[in-house]
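> I'd like to ask you about the structure that follows.
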Amino acid sequence: MSSDAAEPASDAPRAIVAGHGDFAAGLVSAVEQITGRGAQLIPVAVQRLSVQDIEDLLRRRMIEEGVRVIFTDLQAGSCTMAARRILRGMDDAVLIAGANLPTLLDFVFSHGRTASEAARHAAERGRAAICVHGAAS
Amino acid sequence: MTLVLYRIDDRLIHGQVVVGWGQPLDIGFIVLVDDEVARSEWEEDLYRMAVPPEMDVFFHGAADAADALPRYRSDRRRGILVTGDISTMRHLVEAAHVDAVNVGGIHHRAGRVQRLRYVFLSPQEEDELRALAAAGARVSAQDVPNARPVPLDDLLAGAEL
């Protein structure tokens, strides 16, 4: 199945989420609890893996699931580094580093966009969703 | 200031290095010693883009890193030196004395045995760690600053598993 289908079924996998610790499982769990659309996101845990093993795992999951979008947590993280190496040979893939819950919520509700367009839109929503409340500096 | 941490980590520059150690140690630069990275401008850019703009990254192969150490040791900022394997660090320790070596992450590969949650070693790598110690470096394993350092003897005994 292509991840760039413009109107995917709400439970079809569309992106991989990967990061430190239980970041991916935690975020996907939160998306599922809020929207019931967590199945669009594939959480990948990479603890104890070498950089090469992380790259191999992410590439294999992308191919198995037919997705071309990866969300990661940290620009300096091993998942981001591995994903950037994967993107080098996958021109239709997109990586969003620094993803947060608002990013993923926007992504799973995107309609009428390809997965990569949806990812870019979601990244802007995630960036804009960070707010500071309370004591003035 | 100087190089405040000499780390062996097969993930090279990643979250634990940039954030976990980099922030509490107030790091201004990272020296990455790795032949494969030093041969590729693309790989160098990949790691350069992983650090905050105020942090410098310098790249060396194993052969030329020791000669560059005095420059980094006299830098007014604090720095971390990272190698991706034990043999590269051993080369540095034997060429230019290093007080302490941090084993930060050596992950699973065929032929390696798990010694810590984040350290897997082959018999040859265990010998190389002993050689580091014999060359005068204090060797311990510690993934993040607030973890307890595991001395070499305990590491090799798998005492913390």
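> Give the number of residues within the stretch B:1-60 that are within 13 Å of the chain's Cα centre (by Cα), part of a loop (DSSP other than H, G, I, E, B) and touching a residue at least 60 places away in the same chain (Cβ under 8 Å).
4
> Restricting to the stretch A:33-51, and then to whatever is of a type outside the set (A, V, I, L, M) and within 17 Å of A:ASP106 (Cβ to Cβ), can you tell me which residue is surrounded by the most Cβ atoms within 10 Å (Cβ to Cβ)? Walk me through it before giving the result.
At the first step, the residues of the stretch A:33-51 found to be of a type outside the set (A, V, I, L, M) are A:33, A:35-38, A:40, A:43, A:47-48, A:50.
Filter once more, keeping what is within 17 Å of A:ASP106 (Cβ to Cβ): A:33, A:35-38, A:40.
Numbers: A:GLN33: 9, A:THR35: 14, A:GLY36: 11, A:ARG37: 18, A:GLY38: 20, A:GLN40: 27.
Checking each candidate, the answer is A:GLN40.
> Within the stretch A:55-64, is even one residue more than 7 Å from chain B (Cβ to nearest Cβ), touching a Pro at 6+ places or on another chain (Cβ under 8 Å), acidic (Asp, Glu) and farther than 20 Å from B:ALA110 by Cα?
Step one: of the stretch A:55-64, the residues more than 7 Å from chain B (Cβ to nearest Cβ) are A:55-64.
Next, from what is left, pick out any that are touching a Pro at 6+ places or on another chain (Cβ under 8 Å): none.
Scanning the stretch A:55-64, I find no residue that is more than 7 Å from chain B (Cβ to nearest Cβ), touching a Pro at 6+ places or on another chain (Cβ under 8 Å), acidic (Asp, Glu) and farther than 20 Å from B:ALA110 by Cα, so the answer is no.
> Sticking with this structure for a sec: If I ask for residues that are under 15 Å from A:THR35 (Cβ atoms) and touching a Phe, Trp or Tyr at 6+ places or on another chain (Cβ under 8 Å), which ones from the stretch A:96-106 would you list?
A:THR103, A:LEU104, listed by residue number.
> In the stretch A:70-137, which helices (runs of 4 or more DSSP H) lie fully inside it and hold 1 or more residues that are small (Gly, Ala, Ser)? Spell out the reasoning first.
Numbers: elements: A:78-87, A:101-108, A:115-128.
Because the criterion is at least 1 residues that are small (Gly, Ala, Ser), the helices (runs of 4 or more DSSP H) in the stretch A:70-137 that meet it are A:78-87, A:115-128.
> Here is a follow-up. Go through (1) acidic (Asp, Glu); (2) surrounded by 16 or more Cβ atoms within 10 Å (Cβ to Cβ); (3) within 23 Å of A:ARG88 (Cβ to Cβ) for B:GLU36 and report which single condition fails.
Condition (2) is where B:GLU36 drops out.
> Right, next: Taking the stretch A:62-95, which residues are of a type in the set (Val, Ile, Thr), surrounded by fewer than 24 Cβ atoms within 10 Å (Cβ to Cβ) and free of Cβ contacts under 8 Å to residues at least 60 places away in the same chain?
A:ILE63, A:ILE86, A:VAL94 - these are the residues of the stretch A:62-95 that are of a type in the set (Val, Ile, Thr), surrounded by fewer than 24 Cβ atoms within 10 Å (Cβ to Cβ) and free of Cβ contacts under 8 Å to residues at least 60 places away in the same chain.
We did not get these values from a lab; they are worked out from the coordinates using the rules stated. The structure displayed is predicted, hence computed values, not measured ones. Heads up, the Cβs are rebuilt from the backbone with ideal geometry, glycines too, and the neighbour counts pull from every protein chain shown.
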